[in-house]
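The values are calculated or read from the model by the stated rules, or taken from the named source; none is laboratory data. Quick caveat: nothing in here was measured; it's all calculated off a predicted structure. Here the Cβ positions follow ideal geometry from the backbone for every residue, glycine too, while neighbour counts run over all protein chains shown. To get the accessible areas, we keep the full protein, side chains included, count just its heavy atoms, and leave off ligands, DNA and RNA. Shrake-Rupley method; radii C 1.70, N 1.55, O 1.52, S 1.80 Å.
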Amino acid sequence: MNLKPIKQLGWLLVAVAVICSFTLWGQRLQSEADYKNVQMVVNYNDIVALANGNEMSQEELVKLLQQRGVSAVLYKEWSLGDLANNGQVSLQLGKNIQNAPFWTRISRELPVNEATMYIAVLDPAVAEQVQRNVLLKIAGSAYYAGDVPVLTVPVMVPTGDVELSNVMTKVKDIGVGFQWDGIERMTALGMATVPQLRSWDNPSDEALRTVFEEIKSMPNLAYLLFNDKELPGYPDSTRTIADLLKDGDGNTLVKIGSIEFSDQKGLNQLGVLLNKDVIRLHTISNGEMSKFEPDSALDRWMLAARERNMRSLLVRFFDITSPGTALETNLEYLESIQTGLLDSGFRLDQPYEKPDSIDVRNIVLYLIGIGVMAGVMLILLEMRLPKLGLLALVLGSAAWIGLLQVNPVLIKKLMALLSVVTFPTLSCLLIMKPQKRSVGKSVLALLAMCALSYIGAVLMVGLLADVLFMLKLDQFIGVKIAHVIPIVAVPFILYIWNAEKPLTTVKQLLDKALDYKWAVLFAIVAVAGFIYISRTGNTTTELSTGEAAMRNFLNDIMGVRPRSKEFLIGYPLTLLLFWLGASRRNWILTIPAIIGQVSLVNTYAHIHTALLISLHRSFNGLVLGLAMGLLLLLGVQVLLKLYEHIEKKEGLR
């Protein structure tokens, strides 16, 4: 069979797919360029603490905060535990209520038993909202009026300290509404409102309706945050909540916030149901603040906004436990964040808007997917399987077009995964040759291999060009698989499948595996592989102090940190492989070479990262990797010449 026209067809289909994908790149770049509104948010309790600690009014403090870019205030829903800590309510379990100092002021109709938690409301200012929320949210609760009103909550009778602690915690965590006096005061001063709602068990439709009507009535509402690991009533109530937050025409009335690194069940689904009206929020928790200095915290805010599209920054204050001495430090801190954001092109004086939608036509998606299948066919041609390659192209393309109508999001993610596996694999098969290359030709070969691998990134970005992925309401799947398959497939195809006698080659490898040296090598590779895979994915891993320092240094000098897998491992050792020749003798070097290509492509799997940032990262990785690789080749050449010199001297003796 003449393979030339089949290969030409394959590359033509790939070229068409690349062109189609680049049209979507253009839309996404424009959407991201317009997506520059950032809100700086502070906690209302911190405002109260700083104002009181520095003998100034809240109005005076808010003016100082606004001058430094703060435009919104977070109000975390009060819990019964908060009110108990403030002395506004008293929680008593069972007959302990009879020993309380206010017992004589309680209604005589109150039944007393061991299986009840009693909530005595000591502050009349919160009595109405405590009563309303407890009765709405807790089945079987009851209210007893009196000089000191009491609410009863049925609970299990604890038989030990652990059960007692669990019972108390469950009741203390119940939300009882918001600080309306604070909301009204801050709104009057021009601050936006960000409520954070607590979840509760088994919410009724009436309870949900009442709670979310209160949320919708809040003045100058920016967006709504949720407090717990699950949304109220998850999973059954998610659609009900969405309906309550939309008008009759399906328009979103209340945007929601997604807290980075906080996996809240039901939130992504709710975001989709609310037309993707979601703002991504980044914060540094109070517990983490002790680990930071203002400069290092500033770096984190800038990375969150520039590299991960965080458009709301909940800023915690330094030394807030000593508010009397913390004002100046925190005002300077806020001013540095404001300056950094403005210098990076962000806007702090406009309300948040979600990214512009990307117009993706079905025909464009069809052609991109067909281009991926053409890449699969080209791999099978390299394996001398032309009939199977043509079959894969035809059947794969038909399945792609058909399944895209059934479950478009899942099918696009699977095709994107196939893309980032296919093209790094294909590039390695085409460029890795056993012949030795000069330094110059090694550099050109590396650039060619990167360009071919990059097709996988181009097509993936086109396939996942959707606000859904930009806001991380959904994300690329199979990151670890995408890193593993090429590492296994490329050496297998190059050194076993394409060998003159594959079975003989396999037998030789198995015979060598019995050698203890090979066993040691296998163990080393296995450990390295485990570390490699465990550090791969869409989540952030804990960094050593040295690695964190290196990353910060690279960010400072290059603007965007390149991936270490590329500039430290992949590209330098790829140059060495090409210079030595990608023969079976040097097969071990194919592994880091493949890692570099896979890392290059998978940079773009983080769709929530701005495309320009990913492009900058890839460029920096290539430039730094080439420099490291050239130094490596120079070092190897010097060592080889030194070795030859020593050999000659030994020979003369």
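Details
- Of all residues in the range 16-45 being part of a helix (DSSP H, G or I) and out of contact with any helix residue (DSSP H, G or I) (no Cβ under 8 Å at 6 or more places or on another chain), the one that is farthest from Phe318 (Cα to Cα): Ile19
- Screening the candidates Leu380, Leu348 for the property of being free of Cβ contacts under 8 Å to residues at least 24 places away in the same chain and either among the hydrophobic types (A, V, I, L, M, F, W, C) or farther than 21 Å from Phe469 by Cβ (or both) yields one hit, Leu380.
- Within the option set Gly581, Gly529, being surrounded by 13 or more Cβ atoms within 10 Å (Cβ to Cβ), closer than 30 Å to Leu380 by Cβ and modelled with pLDDT under 85 holds for one residue only, Gly529.
For (1) open to solvent by 60 Å² or more (accessible area, probe 1.4 Å); (2) within 21 Å of Asp466 (Cβ to Cβ), each residue gets a yes or a no:
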site: Asn251; (1), (2): yes, yes
site: Lys265; (1), (2): yes, no
site: Ile284; (1), (2): no, no
site: Gly287; (1), (2): no, no
site: Lys291; (1), (2): yes, no
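- Inter-residue pairs, beta-carbon under 8 Å, first at positive phi and modelled with pLDDT of 90 or more and in the range 269-298, second among the β-branched types (Val, Ile, Thr) and open to solvent by less than 30 Å² (accessible area, probe 1.4 Å), 6+ apart: Lys276/Val467
- Inside the range 176-208, residues that are surrounded by 17 or more Cβ atoms within 10 Å (Cβ to Cβ) and in contact with a strand residue (DSSP E or B) (Cβ under 8 Å, 6 or more places away or on another chain) make up a count of 16.
- Every condition in (1) of a type outside the set (Lys, Arg); (2) within 30 Å of Pro351 (Cα to Cα); (3) open to solvent by 70 Å² or more (accessible area, probe 1.4 Å) holds for Met218 except the one numbered (3).
- Just so you know, in the range 113-148 the residues that are over 17 Å from Gln88 (Cα atoms) and part of a helix (DSSP H, G or I) include one that is most open to solvent (accessible area, probe 1.4 Å), and it is Leu135.
- Asn555 being closer than 30 Å to Asp466 by Cβ, at pLDDT below 90 and assigned to a helix (DSSP H, G or I): yes
- Residue list for the range 26-76, filter: without any contact (Cβ under 8 Å) to a residue 60 or more places away in the chain, aliphatic (A, V, I, L, M) and open to solvent by 50 Å² or more (accessible area, probe 1.4 Å): Ala33
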